[in-house]
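One structure is given here, and the rest of the page talks about it.
Computed from the coordinates by the stated procedures, all read-outs in this text should not be read as laboratory data. Because the structure is a prediction, the values reported are computed rather than measured. Methodologically, a virtual Cβ is constructed for each residue, glycine included, from the backbone with ideal geometry; neighbour enumeration extends over all protein chains shown.
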Amino acid sequence: MYPNLYYAFKDLFGLQWPFLKLVNSFGFFVAICFLTAAWLVNLELKRKQQQGFLTYTEEKIMVGAPASIADLLVNFLLGFVFGYKIIAAFVMPTVLNDPQSFILSSQGNWPIGLLVGGLFASLKWWEKNKEKLANPEQRVIRIWPNDRVGDMVIYAAVFGFAGAKIFHNLENWGDFIKNPIDALISFSGLTFYGGLICAGAAIIFFAKKHKIIIIHLADAFCPALMLGYAIGRIGCQVSGDGDWGILNSSYISAPTGQLIEANPYDFQKALAHNSDFYTSQFKTLDAVHHISVQPFWHLPNWLFAYNYPHNVISEGVRVAGCDAQQYCSQLPIAVFPTALYEIIMCTTLFFILWSLRKKIKTPGVITGIYLILNGTERFFIEKIRVNTKYESLPFQPTQAELISFLLIIAGIFLLVKVSNKKTVKTVPSTAS
């Protein structure tokens, strides 16, 4: 596993660049996820604008005015935070030992913060001064939906992260009650559907505010959401963030990290030997859910079982011979790499949606198909995935199973509803 890019570059290229410890592997792939999604949404919105389904809105802006005190203050504060925290993290050697604690603390570098803050404010003043007119004037500009992709991505990131944290803590209420502060500010513990729901609500609000037709916007977002989810799961798999499946009792871990084939006796022996670890998760060893699956069709064993050595959340038991302060844990018994399965499935589903988007003319159909495919994929992966179950409900479902089932129903309802519409409305367009 590669908890951050330092370990990835060290293992893959033999390069030991300490500053890469600041770049968390999961966060790196989340950033790629948002950039890729923004690019795809931009392409789709441009296509829909050219077809006449989306049009521009007009807004008034003031041109030629000097930088206001508010402009300078906002840019100074942004620069100060960037210098005080981000740049300081690269120049303070002690930060590299535990960058997450540093980012969440009040520690930083005041001189660098003030310097960068002043630089940001100066650049803003210079930019406005360069465009200053003797008599500032008000102008009307046209803004197309694709021009707002950057704003929508920021909305999705902020509300998506907040929703992912909220839903995760609702799902793990007992852990939240024990330590609510750490649960809220921790970088780990995110629920995709929580992020999807809250980010979706924020984007709908944004679209209504700026008069963007929601159903066309949703159709543009859906392929990007599917691929973004797959890229995010790469981060889960690479970092070993706890998003894995139930035990595959055909494999146990060697002390040094290798997988070893196991018979039922070996499995029970490994379970008993690590009883403290598994009882902390499952209360009793009898409650440990496992399936025995051997590789077939000459496929590699890591496709069926993995023990996530050096995982980012330090879950499991210590790897023999690891002398580092962090990331020295592995799972004593292999699990199904469900994040890897979702990478494969959601990438495939993305290409299906991407190939259908030009063939389907009725607005809303792509969104309905996405809801059904996404819900079905997640509903079935939950059957072999470790997650908190609602034991008070019939069938003891997980939160993801409940939401995925509702998504499937919503997708079917949407397809039925849009199939009854006989015409497709367009708006006048002057897009080139």
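Here's the picture: charge each Lys and Arg Cβ at +1 and each Asp and Glu Cβ at -1 in the chain, and of Leu78, Gln281, Asn387 the one pushed furthest to the positive end of that dipole is Leu78. What the phi angles of the stretch 193-198 give under the Karplus curve with 6.51, -1.76 and 1.60, with θ = phi - 60°, is a coupling list of 5, x, x, 4, 5, 6 Hz, glycine and proline written as x. Taken over the alpha carbons of the stretch 61-141 as equal point scatterers, the Debye sum produces base-10 log I(q)/I(0) values at 0.12, 0.15, 0.19, 0.22 Å⁻¹ of -0.47, -0.61, -0.77, -0.91. The reciprocal of the average 1/r between distinct C-alpha atoms defines the Kirkwood hydrodynamic radius, which for the stretch 176-306 equals 18.8 Å. Gap in Å between the Cα centre of the stretch 105-177 and the Cα centre of the stretch 328-400? Taking the Cα centre of the stretch 105-177 as reference, the centre of the stretch 328-400 is 31 Å away. Placing a label point 7 Å from the Cα of Leu119 along the Cα-to-Cβ direction, the residues of the stretch 74-96 whose backbone N falls under 17 Å of that point are 75-92. Under the convention that each Lys and Arg Cβ holds +1 and each Asp and Glu Cβ holds -1, the size of the dipole of the stretch 61-141 around its Cα centre is about 140 debye. Taking 4.7 Å between beta carbons as the limit, the unpaired Cys residues of the chain are Cys33, Cys198, Cys222, Cys236, Cys346. For log10 I(q)/I(0) by the Debye sum over Cα atoms at q = 0.08, 0.13, 0.14 Å⁻¹, the value calculated from this model appears in [x] -0.42, -1.17, -1.36; [y] -0.57, -1.29, -1.40; [z] -0.51, -1.17, -1.29 under label [y]. The angle separating the long axis of helix 110-130 from the principal Cα axis of greatest extent in the chain is about 30 degrees. Against the chain, whose longest principal axis comes from its Cα atoms, helix 264-273 is set at around 80 degrees. Using bins of 5 Å that start at zero, the share of Cα-Cα pairs per bin across the stretch 255-330 amounts to 3, 13, 19, 24, 22, 12, 5, 1, 0, in whole %. Does anyone have the angle between helix 25-51 and the longest principal axis of the chain? Alpha-carbon axes, 0 to 90°, nearest 10? Around 40 degrees separate the two axes.
Taking R0 as 30 Å, what FRET efficiency do you get between His298 and Arg318 from their Cβ-Cβ distance, rounded to the nearest 0.05?
Values: r = 33 Å, r/R0 = 1.11.
After rounding to 0.05, the efficiency reads 0.35.
Extension gain, Ile214 to Val158, is 18.2 nm, computed as 0.36 nm per intervening residue step minus the present C-alpha separation.
For the stretch 322-371, the average shadow cast by the Cα convex hull is 5.9 nm², which is a quarter of the hull's surface. Within a straight-line Cα-Cα reach of under 24 Å, Lys269 can be paired with the following lysines, leaving aside sequence neighbours fewer than 8 residues apart in one chain: Lys283. Overall, the ratio between the Cα radius of gyration of the stretch 327-406 and 2.2 N^0.38 Å, rounded to two decimals, is 1.40.
Before rounding to the nearest 500, sum -39500 (n - 2.57) across all DSSP H runs of length at least 4 in the chain and divide by the residue total; then give [θ] at 222 nm in deg cm²/dmol.
So the calculated ellipticity at 222 nm is -17500 deg cm²/dmol.
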